[in-house]
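Below: one structure, written as structure tokens.
Rule-based calculations on the coordinates, nothing more; no lab input. Values in this document were obtained by computation on a predicted structure and should not be read as measured data. Glycine also receives a Cβ, built like all others from the backbone with ideal geometry; neighbour counts cover every protein chain displayed.
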Amino acid sequence: MNEAILEFTKAYFPIIVFLGFAAFIATALTALPFLLAVHKPDDQKLSPYECGFEPFGDARGEFDVRFYLVAILFVIFDLEIMFLFPWAATLGKIGTFGFVSMMIFLFVLTIGFIYEWNKGALEWE
């Protein structure tokens, strides 16, 4: 039993040292600014926003559903492009199965696009 633990420790010792060293550096680099920085807060630094004007309204206000629909639309097209480039580059190797699989994928994305269009996500007031 002790021999197995010794072999395990020998095999993983460099990884344990590396993780300990990484944890030490991460902790040191996070703590040093709090210890060495000069803390002189003023009214501007303590204000909730530093964008040049006073905050207005409640931050927990409701968003229109169309914002979320536009986000879904972005994800649909982003995914489509992300999968189309590698598919186009390897189309000669993947053959008919790859072509049919991508057509099914594009069909599903087209259904999502039609849903967004019917919900009025592309029309803005």
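Scanning region 80-107 for residues that are within 23 Å of the chain's Cα centre (by Cα) and either exposed (fewer than 11 other Cβ atoms within 10 Å of the Cβ) or among the charged types (D, E, K, R) (or both), we see that the one that is nearest to L69 (Cα to Cα) is E80. So is A11 aliphatic (A, V, I, L, M), in a helix (DSSP H, G or I) and surrounded by fewer than 10 Cβ atoms within 10 Å (Cβ to Cβ) or not? Against the criterion (aliphatic (A, V, I, L, M), in a helix (DSSP H, G or I) and surrounded by fewer than 10 Cβ atoms within 10 Å (Cβ to Cβ)), A11 qualifies. Of all residue pairs spaced 6 or more apart or on separate chains, those with beta-carbon atoms under 8 Å, a first member in region 114-125 that is at positive phi and in a loop (DSSP other than H, G, I, E, B) and a second member that is surrounded by 10 or more Cβ atoms within 10 Å (Cβ to Cβ) and not hydrophobic (A, V, I, L, M, F, W, C) are G120/R66.
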